[in-house]
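The values are calculated or read from the model by the stated rules, or taken from the named source; none is laboratory data. Computed from a prediction, not measured in an experiment: that's the story for all the values here. Note: ideal-geometry Cβ built from the backbone for every residue, glycine included; neighbour counts use all protein chains shown. What goes into the accessible areas is simple: the full protein's heavy atoms, side chains included, and nothing from ligands, DNA or RNA. Shrake-Rupley method; radii C 1.70, N 1.55, O 1.52, S 1.80 Å.
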Protein chains: 2
Amino acid sequence: MKFGAYVPPQARERKVPVLYFLSGLTCTEETFFIKGHAQSVAAQLGLMLISPDTSPREPRLPGDADSWEFGYSAGFYVDATMAPWREHYRMYSYVTAELPELIAANLPALPGASGIFGHSMGGHGALTCALRNPQRYRSVSAFSPIAAPMRCPWGRNAFTRYLGAEMDGWRQYDASELVGAIRFPGTILIDQGGADKFLAEQLLPEQFAAAALRSGQPVELRMQPGYDHGYYFIQTFMADHLRHHAARLVGAG
Amino acid sequence: MKFGAYVPPQARERKVPVLYFLSGLTCTEETFFIKGHAQSVAAQLGLMLISPDTSPREPRLPGDADSWEFGYSAGFYVDATMAPWREHYRMYSYVTAELPELIAANLPALPGASGIFGHSMGGHGALTCALRNPQRYRSVSAFSPIAAPMRCPWGRNAFTRYLGAEMDGWRQYDASELVGAIRFPGTILIDQGGADKFLAEQLLPEQFAAAALRSGQPVELRMQPGYDHGYYFIQTFMADHLRHHAARLVGAG
């Protein structure tokens, strides 16, 4: 597995907080660093940025690239339980355990000061990883997340093939299900473009906001009129997200 | 011809200065906006950003993609005089005349307040366009420019095929030749990576600096140790370049 890393200048002097970014469908470990426009603000705030790839790349599996919505570049941040995916597609364990251990062992990461965010499929990943591991992540946010995957075509298709038809196993990977049962310590920031063509069918942030409201989870869902699903939208609000995380991470640990 | 445009929020209220960015070999009109990480600082400074494509895209000409160093995506910002290129490869006229007229007619551009910069082949283009048109451009800078194209393989190959073997016609497109004869009003800022693999053979900024020293042209050539030829280098110093231009452009016009 490849991952991208940005280490800020403050790391010459001391260990620094780590902010993980999970990318969306079709992306790689470099997409965030090319298109996210995060590095200069991260340098000011003293945040290390880590972005993993969106799926295993080897070995290739039969049918892994039949669709851009499943398989190759579309790991959905779950631990697959169905053959043939279960052998290699274990992105949830990779993101929440293996990768942080690798970072801790090899880069100047401040213990106890990690946050996570992401976009689209990666927004789904960030929300579910954080809600299930509030002891590991002190902050979380998302751009245009797939916020209720059990209720949208992308999520149902991926969960069926990775996890099987039994929906009980899906709930642990559905942010709208999780947020009704788990309280994350701190506000969850979500930015969503109002002109995003995937909004009504695939993303469903209103489901997440409604579930959070019922459970008392603080959520700041910002609908941004006119913005679409792409990285120009993400760039525009990137500094806001980095500051959201820095407020929880800098000085922590 | 396609071009990319970023219009800052200040343009809702008034006309704004225009900063042109010329890209390097293999790039398109979108490369700068994806990889340059310029928009957020341009928004603060109130600069419109315009980046043209690096060559005509249609019609395709015989042999235009035989090499990444010539033809398609490699117009070298000259007006070709040799067949078949001379019919369509007129990038110098496009950048210095046709495109600014198009911008002036269609976007809220402040008259008399334009600057130009670029990278590699586009750094060459920015320097030559500015030196030959100091009345049109109030500011100029470059990242890793091909600073003496008559003395490097990229330049000699392109000029021979676009302009013919007679070298007298080349001088008007060679920044190191021009800067010995023309004085640009204002300091020319150049950033160059010290670990750039093209530095010694293709870029030759020391030739430009030496010619400028002889003619009295103020140049700030910053050698940046450890940086290569890519856009992560450009991103790192992008804000410096935008401020260099804003200091000459904002309030001008």
Next on the checklist: I'd like to check something: does segment A:151-167 contain any residue that is within 14 Å of another protein chain (Cβ to nearest Cβ) and not in a helix (DSSP H, G or I)?
Outcome noted: no
Checklist entry - Restricting the search to segment A:135-174, which residues are polar (S, T, N, Q) and either farther than 18 Å from A:VAL95 by Cα or buried (at least 24 other Cβ atoms within 10 Å of the Cβ) (or both)? => result A:SER139, A:SER141, A:SER144, A:ASN157, A:THR160
Item to check | Failed condition for A:THR187, given (1) touching a strand residue (DSSP E or B) at 6+ places or on another chain (Cβ under 9 Å); (2) at pLDDT below 95 | outcome: (2)
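Take the residues in segment A:23-76 that are polar (S, T, N, Q) and part of a loop (DSSP other than H, G, I, E, B), then tell me which one is farthest from the other protein chains (Cβ to nearest Cβ). Please lay out each step first, then the result.
The first filter runs over segment A:23-76 and keeps only residues polar (S, T, N, Q), leaving A:23, A:26, A:28, A:31, A:39-40, A:44, A:51, A:54-55, A:67, A:73.
So of that shortlist, the ones also part of a loop (DSSP other than H, G, I, E, B) come out as A:23, A:26, A:28, A:54-55, A:67, A:73.
On the way: A:SER23: 15, A:THR26: 15, A:THR28: 14, A:THR54: 18, A:SER55: 22, A:SER67: 25, A:SER73: 18 Å.
Taking the candidates together, the pick is A:SER67.
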Next on the checklist: Please verify whether B:GLY186 is out of contact with any helix residue (DSSP H, G or I) (no Cβ under 8 Å at 6 or more places or on another chain) and more than 14 Å from chain A (Cβ to nearest Cβ), treating the condition exactly as stated.
Outcome noted: no
Item to check | Every residue from segment A:175-188 that is in a helix (DSSP H, G or I) and open to solvent by 60 Å² or more (accessible area, probe 1.4 Å) | outcome: A:GLU177
Checklist outcome for this item: Every listed condition ((1) in contact (Cβ under 8 Å) with a residue 12 or more places away in the chain; (2) in a helix (DSSP H, G or I); (3) of a type outside the set (Asp, Glu); (4) over 18 Å from A:LEU199 (Cα atoms)) holds for A:GLY112 save (2)
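Could we say that B:ILE103 is within 14 Å of another protein chain (Cβ to nearest Cβ), part of a helix (DSSP H, G or I) and β-branched (Val, Ile, Thr) here? Spell out how you get there, then give the answer.
Working: within 14 Å of another protein chain (Cβ to nearest Cβ): no; part of a helix (DSSP H, G or I): yes; β-branched (Val, Ile, Thr): yes.
Answer is no for this residue.
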Checklist entry - Which ones in segment A:216-229 are buried (at least 16 other Cβ atoms within 10 Å of the Cβ), within 18 Å of the chain's Cα centre (by Cα) and farther than 30 Å from A:ALA109 by Cα? => result A:HIS229
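Within segment B:60-71, can one find any residue that is aromatic (Phe, Trp, Tyr) and under 21 Å from B:ASN157 (Cβ atoms)?
Looking only at segment B:60-71, we keep the residues that are aromatic (Phe, Trp, Tyr), and these are B:68, B:70.
Those left that are additionally under 21 Å from B:ASN157 (Cβ atoms): B:68, B:70.
Looking through segment B:60-71, at least one residue is aromatic (Phe, Trp, Tyr) and under 21 Å from B:ASN157 (Cβ atoms).
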Next on the checklist: Looking at B:ARG132, B:ARG90 in this structure, which one is open to solvent by 40 Å² or more (accessible area, probe 1.4 Å) and either touching a residue at least 24 places away in the same chain (Cβ under 8 Å) or touching a His at 6+ places or on another chain (Cβ under 6 Å) (or both)?
Outcome noted: B:ARG132
Checklist entry - Which of the residues spanning segment A:5-22 are open to solvent by 10 Å² or more (accessible area, probe 1.4 Å), in contact with a Leu (Cβ under 9 Å, 6 or more places away or on another chain) and within 14 Å of chain B (Cβ to nearest Cβ)? => result A:ALA5, A:TYR6, A:VAL7
Next on the checklist: Looking at segment A:126-143, can you tell me whether even one residue there is assigned to a strand (DSSP E or B), closer than 20 Å to A:ALA211 by Cα and in contact with an Asp or Glu (Cβ under 6 Å, 6 or more places away or on another chain)?
Outcome noted: yes
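Restricting attention to segment B:216-230, and to residues there that are under 19 Å from B:PRO149 (Cβ atoms) and among the aliphatic types (A, V, I, L, M), which single residue is nearest to the other protein chains (Cβ to nearest Cβ)?
First, pick out the residues of segment B:216-230 that are under 19 Å from B:PRO149 (Cβ atoms): B:217, B:219, B:221, B:229.
Add one more test, that the residue is among the aliphatic types (A, V, I, L, M), and what stays is B:219, B:221.
On the way: B:VAL219: 25, B:LEU221: 23 Å.
Among residues in segment B:216-230 that are under 19 Å from B:PRO149 (Cβ atoms) and among the aliphatic types (A, V, I, L, M), the one nearest to the other protein chains (Cβ to nearest Cβ) is B:LEU221.
Condition check ((1) open to solvent by less than 60 Å² (accessible area, probe 1.4 Å); (2) more than 14 Å from chain B (Cβ to nearest Cβ); (3) closer than 21 Å to A:PRO153 by Cα; (4) part of a helix (DSSP H, G or I)) across all residues:
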| site | (1), (2), (3), (4) |
| --- | --- |
| A:LYS197 | no, yes, yes, no |
| A:ALA209 | yes, yes, yes, yes |
| A:ARG214 | no, yes, no, yes |
| A:TYR232 | no, no, no, yes |
| A:ALA239 | yes, no, no, yes |
| A:ALA246 | yes, yes, no, yes |
| A:ALA252 | yes, yes, no, no |
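Tell me which residues, restricted to segment A:77-100, are in a loop (DSSP other than H, G, I, E, B) and under 14 Å from the mean Cα position of the chain (by Cα). Don't jump to the end; show me each part of the working.
Step one: filter segment A:77-100 for residues in a loop (DSSP other than H, G, I, E, B), giving A:77-78, A:80-84, A:88-89.
Of everything in segment A:77-100, those that are in a loop (DSSP other than H, G, I, E, B) and under 14 Å from the mean Cα position of the chain (by Cα) turn out to be A:TYR77, A:VAL78.
Among residues belonging to segment B:110-129 that are touching a strand residue (DSSP E or B) at 6+ places or on another chain (Cβ under 6 Å) and over 20 Å from B:GLU30 (Cβ atoms), point out the one that is surrounded by the most Cβ atoms within 10 Å (Cβ to Cβ). Full working, then the answer.
Step one: of segment B:110-129, the residues touching a strand residue (DSSP E or B) at 6+ places or on another chain (Cβ under 6 Å) are B:110, B:113-119, B:122-123, B:125-127, B:129.
Checking the rest, the ones that are also over 20 Å from B:GLU30 (Cβ atoms) come to B:110, B:113-115, B:127, B:129.
On the way: B:LEU110: 20, B:ALA113: 23, B:SER114: 26, B:GLY115: 28, B:LEU127: 31, B:CYS129: 24.
Across segment B:110-129, the extreme among qualifying residues is B:LEU127.
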Item to check | Selection status of A:ALA38, under 18 Å from A:TRP154 (Cβ atoms), of a type in the set (A, V, I, L, M) and open to solvent by less than 10 Å² (accessible area, probe 1.4 Å) | outcome: no
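Say whether the condition of being of a type in the set (S, T, N, Q), modelled with pLDDT of 95 or more and in contact with a Cys (Cβ under 8 Å, 6 or more places away or on another chain) is met by at least one residue in segment B:1-19. First the steps, then the outcome.
Let us first name the residues in segment B:1-19 that are of a type in the set (S, T, N, Q), namely B:10.
Pick out the ones that are also modelled with pLDDT of 95 or more and you get B:10.
This time we only want the ones that are in contact with a Cys (Cβ under 8 Å, 6 or more places away or on another chain), so: none.
No, that holds for no residue.
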